[in-house]
Amino acid sequence: MRVLGIESSCDETGVAVYDSDRGLRAHALYSQVELHAEYGGVVPELASRDHVRKLLPLIRQTLAESGMSLDEIDGVAYTAGPGLVGALLVGAGVARALAWALEVPAVGVHHMEGHLLAPLMRIEGGTTMQAPPAPPFVALLVSGGHTQLVHVEAIGRYRLLGETLDDAAGEAFDKTAKLMGLPYPGGPQLARLAGAGRSGTFRFARPMTDRPGLDFSFSGLKTQVLLAWQRSDGSDATRADVARGFEEAVVETLVIKCLRAVEAAGVDTVVVAGGVGANLRLRAALDEAMARRGGRACFPPPALCTDNGAMIAFAGALRLGAGEHADAAVRVQPRWDMTELPEIAA
Ligand code: ATP
Ligand code: MG
Ligand code: FE
């Protein structure tokens, strides 16, 4: 089954074609980062309008790259939530209209399920170094809006083990970067800066690791970092050292909780997804920690950690392939709990 996937939940327009026999055929992404930069954050109305402007050209581009025409598409998948309502409606409207015109089924995908399943997708022509993970496993979802540990009992059957009580991990990266004067959006830049810093020069708390439980809290950490930065000499070298200390605190906290979660769930695999999954130090630390206990950590390629259309096309292919689809109404769910999703029939 060949599925066209559309992502438009926030400030990235993503389109992809996933073929359940051959894997990912093509994907294209347009980021609105520059549009929102002067405001220091995403402006919802501007985001919707930019999705309107970019979606059709991106669909044409993706199809061209996949070497396929519209009449070879067997289904359409789009992000139905969670996200910005106006932005979601653009993707849902285009997807539904396209499916109607092509007389193929369409399915609304949960954005976080898209992230979660991304490490399971096959990349055409890509080298598969390891077999893709299969449930049961623990998923660590670390993105701009979510930090969750989920027990994936089956595909579509998700049990929440723990989540952040305040800021998400990606949000902590972005806010901390801003406090240290890095330009928007600062998360990836802070990570790059940390690479130049010295380990252990600044040591920050590993929040909520001193007590049992699988929840997170990252908002206090950014205040600690701010104070350390304000009291420092403010040099470029110190900025890198502080960034390194912050990154080490977040990474170690995530690793500690992942180990606890696999223990609690009785599994030996952790699957990481979401933008912070692109963080190299997190990837290395979790790989090592899981290998030490005889298990493994799985990550999508870094480019498929942040928002993209490929993960939506893939999740949609699984759901459409299992016979799921809805009527032609354009519905979105800006707030949507992933644990309410139906299990996908094998
Ligand atoms: P959600 O999926 O929860 O709705 P989102 O879609 O905005 O949120 P993603 O696109 O998955 O989130 O990820 C973006 C986040 O990932 C940002 O907060 C960004 O700072 C963070 N991020 C991206 N690359 C890195 C990196 N290398 N290190 C740390 N954080 C990173
Ligand atoms: Mg984004
Ligand atoms: Fe996302």
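Check whether at least one residue in segment 97-109 is crowded, with 16+ Cβ neighbours inside 10 Å, within 16 Å of ligand 1 (Cβ to nearest atom) and assigned by TED's automatic domain parsing to the domain that holds Q32, and report yes or no.
Of the residues in segment 97-109, the ones crowded, with 16+ Cβ neighbours inside 10 Å are 98-99, 102, 104-109.
With the extra rule that they be within 16 Å of ligand 1 (Cβ to nearest atom), the set shrinks to 108-109.
Pick out the ones that are also assigned by TED's automatic domain parsing to the domain that holds Q32 and you get 108-109.
Yes, segment 97-109 contains at least one residue that is crowded, with 16+ Cβ neighbours inside 10 Å, within 16 Å of ligand 1 (Cβ to nearest atom) and assigned by TED's automatic domain parsing to the domain that holds Q32.
Just checking, which of M180, M121, M112 is closer than 29 Å to A37 by Cβ and more than 16 Å from ligand 2 (Cβ to nearest atom)?
Details: M121 fails: closer than 29 Å to A37 by Cβ; M112 fails: more than 16 Å from ligand 2 (Cβ to nearest atom).
Among M180, M121, M112, only M180 is closer than 29 Å to A37 by Cβ and more than 16 Å from ligand 2 (Cβ to nearest atom).
Of the conditions (1) under 21 Å from G266 (Cβ atoms); (2) under 14 Å from the mean Cα position of the chain (by Cα), R159 satisfies every one except a single condition; which number is it?
Exception for R159: condition (2).
Residue check, P132 against (1) surrounded by 21 or more Cβ atoms within 10 Å (Cβ to Cβ); (2) outside any helix (DSSP H, G or I), all met but one. Which one?
Here P132 clears every test but (1).
Does segment 186-200 contain any residue that is at pLDDT below 95, under 19 Å from the mean Cα position of the chain (by Cα) and not polar (S, T, N, Q)?
Initially, segment 186-200 is screened for residues at pLDDT below 95, giving 186.
Restricting the remaining residues to those that are under 19 Å from the mean Cα position of the chain (by Cα) gives 186.
With not polar (S, T, N, Q) added as a condition, the list becomes 186.
Yes, segment 186-200 contains a residue that is at pLDDT below 95, under 19 Å from the mean Cα position of the chain (by Cα) and not polar (S, T, N, Q).
Considering only segment 21-30, I want to know if a residue exists there that is aliphatic (A, V, I, L, M) and within 16 Å of ligand 2 (Cβ to nearest atom). Lay out the reasoning, then the answer.
Filtering segment 21-30 down to residues aliphatic (A, V, I, L, M) leaves 24, 26, 28-29.
Now restrict to residues that are within 16 Å of ligand 2 (Cβ to nearest atom): 28-29.
Yes, the conditions are met somewhere in segment 21-30.
Which residues, counting only those in segment 26-45, are more than 18 Å from V90 (Cα to Cα), out of contact with any Asp or Glu (no Cβ under 9 Å at 6 or more places or on another chain) and not in a loop (DSSP other than H, G, I, E, B)?
Across segment 26-45, the qualifying residues are E34, A37.
Please determine whether any residue of segment 16-30 is without any contact (Cβ under 8 Å) to a residue 40 or more places away in the chain and either surrounded by 23 or more Cβ atoms within 10 Å (Cβ to Cβ) or not acidic (D, E) (or both). Don't jump to the end; show me each part of the working.
Taking segment 16-30 and keeping what is without any contact (Cβ under 8 Å) to a residue 40 or more places away in the chain, we get 21, 30.
Within this subset, residues satisfying the condition of being either surrounded by 23 or more Cβ atoms within 10 Å (Cβ to Cβ) or not acidic (D, E) (or both) are 30.
The answer is yes; a qualifying residue exists.
Picking from M311, M290, which residue would you name as being touching a His at 6+ places or on another chain (Cβ under 7 Å) and at negative phi?
Values: M290 fails: touching a His at 6+ places or on another chain (Cβ under 7 Å).
Only one candidate qualifies: M311.
Can we say R335 is modelled with pLDDT of 95 or more, outside the structural domain of A99 (by TED's automatic domain parsing) and away from ligand 2 (no atom under 16 Å from the Cβ)? Before you say what the answer is, go through the steps one by one.
On the way: modelled with pLDDT of 95 or more: yes; outside the structural domain of A99 (by TED's automatic domain parsing): no; away from ligand 2 (no atom under 16 Å from the Cβ): yes.
Here the answer is no, as R335 does not meet what is asked.
Please state which one of C305, C298 is touching a helix residue (DSSP H, G or I) at 6+ places or on another chain (Cβ under 8 Å), within 16 Å of ligand 2 (Cβ to nearest atom) and closer than 19 Å to V152 by Cβ.
After applying the criteria, what remains is C305.
What's the number of the condition D210 fails, among (1) more than 30 Å from P342 (Cα to Cα); (2) more than 9 Å from ligand 1 (Cβ to nearest atom); (3) crowded, with 20+ Cβ neighbours inside 10 Å; (4) not small (G, A, S)?
That leaves (3) as the condition not met.
Take A154 and decide whether it is of a type in the set (G, A, S), more than 9 Å from ligand 1 (Cβ to nearest atom) and over 30 Å from V225 (Cα atoms). Step through it out loud before you land on a result.
Values: of a type in the set (G, A, S): yes; more than 9 Å from ligand 1 (Cβ to nearest atom): yes; over 30 Å from V225 (Cα atoms): yes.
Here the answer is yes, as A154 does meet what is asked.
Read through the list (1) farther than 16 Å from T164 by Cα; (2) within 16 Å of ligand 1 (Cβ to nearest atom), then give the number of the only condition that L254 fails.
So the condition that L254 fails would be (1).
Search segment 2-58 for residues being aromatic (F, W, Y) and over 19 Å from S143 (Cα atoms), and hand back the single one that is nearest to ligand 3 (Cβ to nearest atom).
In the first step, residues of segment 2-58 are kept if they are aromatic (F, W, Y); the result is 18, 30, 39.
Still in the list and also over 19 Å from S143 (Cα atoms): 18, 39.
Details: Y18: 17, Y39: 20 Å.
So, considering only residues that are aromatic (F, W, Y) and over 19 Å from S143 (Cα atoms), the one nearest to ligand 3 (Cβ to nearest atom) is Y18.
Here are some conditions: (1) in a helix (DSSP H, G or I); (2) within 16 Å of ligand 3 (Cβ to nearest atom); (3) surrounded by fewer than 20 Cβ atoms within 10 Å (Cβ to Cβ). Q61 meets all but one. Which one does it not meet?
(2)
Quick one: in segment 102-123, which of the residues that are modelled with pLDDT of 95 or more and of a type in the set (D, E, K, R) is farthest from ligand 3 (Cβ to nearest atom)?
Step by step, filter segment 102-123, then rank; the result is E103.
From the list L140, L182, which one is of a type in the set (A, V, I, L, M, F, W, C), closer than 27 Å to E343 by Cα and not in a helix (DSSP H, G or I)? Reasoning before the result, please.
Numbers: L182 fails: closer than 27 Å to E343 by Cα.
Residue meeting the stated conditions: L140.
Kindly indicate the residue of segment 191-207 that is part of a loop (DSSP other than H, G, I, E, B) and within 16 Å of ligand 1 (Cβ to nearest atom) and also farthest from L254 (Cα to Cα) among those meeting that condition. Explain how you work it out, then say what you get.
Quick first cut of segment 191-207, residues part of a loop (DSSP other than H, G, I, E, B) only: 197-207.
Then drop every residue that is not within 16 Å of ligand 1 (Cβ to nearest atom), which leaves 197, 204.
On the way: G197: 20, F204: 14 Å.
The selected residue is G197.
Give V43, V52, V3 a once-over and let me know the one that is without any contact (Cβ under 8 Å) to a residue 12 or more places away in the chain and either within 15 Å of ligand 1 (Cβ to nearest atom) or of a type in the set (A, V, I, L, M, F, W, C) (or both).
On the way: V52 fails: without any contact (Cβ under 8 Å) to a residue 12 or more places away in the chain; V3 fails: without any contact (Cβ under 8 Å) to a residue 12 or more places away in the chain.
Result of the check over V43, V52, V3: V43.
Residues in segment 263-278 that are crowded, with 24+ Cβ neighbours inside 10 Å and either more than 21 Å from the chain's Cα centre (by Cα) or away from ligand 2 (no atom under 16 Å from the Cβ) (or both): how many?
So the answer is 3.
The values are calculated or read from the model by the stated rules, or taken from the named source; none is laboratory data. These figures come from a predicted structure and were not determined experimentally. Neighbour counts are summed over all protein chains in view; Cβ atoms, including those assigned to glycine, are modelled from backbone coordinates with ideal geometry.
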